[in-house]
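The values are calculated or read from the model by the stated rules, or taken from the named source; none is laboratory data. Here the structure is a predicted model, which is why all the values come from computation and not from measurement. Cβ coordinates were reconstructed from backbone atoms using ideal geometry, including for glycine residues, and neighbour counts include every protein chain displayed.
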Amino acid sequence: MNYQIKSITAQNGGPTTFNGTNTYILGNNNLIIIDPGPDDNQHLENILRNVENKNVEHIIVTHTHKDHSTLANKLAEITGAKKIGSTKYFIKNQEKNSIINFDTEFTPDIYLIDQMVIKTEDLILKALHTPGHTSDHFCFKEETKSKIFTGDHIMGWSSTLVSPPDGNMGDYIESLNRIIDQGNNEYFPGHGDKITDGKRYTEKLLQHRTNRKQRIHELITLGNKNAEELTSYIYKDIDTRLLKYATLTILAHLIDLEKENFIKSDGTNNTETKYRKI
Ligand SMILES: [Zn+2]
């Protein structure tokens, strides 16, 4: 099966989005759109220009962070496509998940479940539940051409933000292993360029997380620390706009280490919570 893949980057570049969110249009005549992106008129126009009056069958959302999903409702209305996504695992506490806003307006016509198959006459995608960055995150594998659309699970420019309480480092690491188990594939991420050597790339990401976990454990062994203090030890020259995201990712590691009984806290699990060795 041969089919076209078009990538359109939204104009929402920034410290957490790199150049902007990538929207993918797949297929020859019956199209699938993955991650419609932010609710932005210029981006909507660019998408529709690339659709060229062809039939859009499905609009798929990898996860419900606003920069990926908010255009879905409008685009579905214009094209008549069915929206496919997941809010099933979504934590509705906006306050606790306020760093990156979730899209509470996204209403899928079809709810994703793991291993679900999405078919057009041009291609077949298989949904892989990959929680960690968010609990509702899915990647999509196209097997005949060994491609995976990786959303924010694996990105082409930076390691992924894992922000508690919805983000979960234990789940994230498990989901990296799940993608490694898919063999070698080419990745099309939600931000950044495509990744040709996917398996090796993910193995490196996994190694990075393992090293980070070890380093955090070592630092706690030397004295009680919270996520903010650890961030200043670990990230020496960080862009200050990224500081709060780095701190949350460190917190995700701390929660994971506590769950595995390496360290202990008073159970409050915020960025000021002190963790101690066991
Ligand atoms: Zn995201």
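Suppose we keep only residues that are touching a His at 6+ places or on another chain (Cβ under 9 Å) and in a strand (DSSP E or B) within region 18-29. Which one would you say is farthest from the ligand (Cβ to nearest atom)?
Initially, region 18-29 is screened for residues touching a His at 6+ places or on another chain (Cβ under 9 Å), giving 18-23.
Still in the list and also in a strand (DSSP E or B): 18, 22-23.
Working: Phe18: 12, Asn22: 12, Thr23: 14 Å.
Result: Thr23.
Is it the case that region 56-77 has a residue that's of a type in the set (Asp, Glu) and without any contact (Cβ under 8 Å) to a residue 40 or more places away in the chain? Don't jump to the end; show me each part of the working.
First, pick out the residues of region 56-77 that are of a type in the set (Asp, Glu): 57, 67, 77.
Still in the running and without any contact (Cβ under 8 Å) to a residue 40 or more places away in the chain: 77.
There is at least one residue in region 56-77 that is of a type in the set (Asp, Glu) and without any contact (Cβ under 8 Å) to a residue 40 or more places away in the chain.
Taking the residues in region 128-154 that are among the acidic types (Asp, Glu) and under 18 Å from Lys194 (Cβ atoms) as candidates, determine which candidate is nearest to the ligand (Cβ to nearest atom). Step through it out loud before you land on a result.
Residues of region 128-154 among the acidic types (Asp, Glu): 136, 142-143, 152.
Then drop every residue that is not under 18 Å from Lys194 (Cβ atoms), which leaves 142-143, 152.
Details: Glu142: 21, Glu143: 25, Asp152: 4 Å.
Checking each candidate, the answer is Asp152.
I want to confirm something. Restricting to region 50-73 and keeping residues that are of a type in the set (D, E, K, R) and within 20 Å of Pro131 (Cα to Cα), which single residue is farthest from the ligand (Cβ to nearest atom)?
Step by step, filter region 50-73, then rank; the result is Lys66.
Out of all the residues in region 75-83, is one or more hydroxyl-bearing (Ser, Thr, Tyr), within 26 Å of Ser135 (Cβ to Cβ) and either at pLDDT 95 or above or outside the structural domain of Leu123 (by TED's automatic domain parsing) (or both)? Before the answer, list the steps.
So the first thing to find is which residues in region 75-83 are hydroxyl-bearing (Ser, Thr, Tyr), and the list is 79.
Add one more test, that the residue is within 26 Å of Ser135 (Cβ to Cβ), and what stays is none.
No - not one qualifying residue is present in region 75-83.
Among the numbered criteria (1) part of a loop (DSSP other than H, G, I, E, B); (2) over 21 Å from Met155 (Cβ atoms); (3) more than 16 Å from the ligand (Cβ to nearest atom), which one does Asp39 miss?
Exception for Asp39: condition (3).
Kindly indicate which of His63, His68, His43, His58 is over 18 Å from Leu125 (Cβ atoms) and at pLDDT 95 or above. Working first, answer last.
Numbers: His63 fails: over 18 Å from Leu125 (Cβ atoms); His68 fails: over 18 Å from Leu125 (Cβ atoms); His58 fails: over 18 Å from Leu125 (Cβ atoms).
Answer to the check: His43.
Can you name every residue in region 120-146 that is in a strand (DSSP E or B) and either within 22 Å of Asn55 (Cα to Cα) or touching a residue at least 60 places away in the same chain (Cβ under 8 Å) (or both)?
Listed by number, the residues that qualify are Ile124, Leu125, Lys126, Ala127, Phe138, Cys139, Phe140, Lys141, Glu142.
One line per residue, one yes/no per condition, for (1) on the phi < 0 side of the Ramachandran plot; (2) surrounded by 23 or more Cβ atoms within 10 Å (Cβ to Cβ):
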site: Gln11; (1), (2): yes, no
site: Asn28; (1), (2): yes, no
site: Pro36; (1), (2): yes, yes
site: Leu44; (1), (2): yes, no
site: Glu52; (1), (2): no, no
site: Thr64; (1), (2): yes, yes
site: Leu71; (1), (2): yes, yes
site: Lys82; (1), (2): yes, no
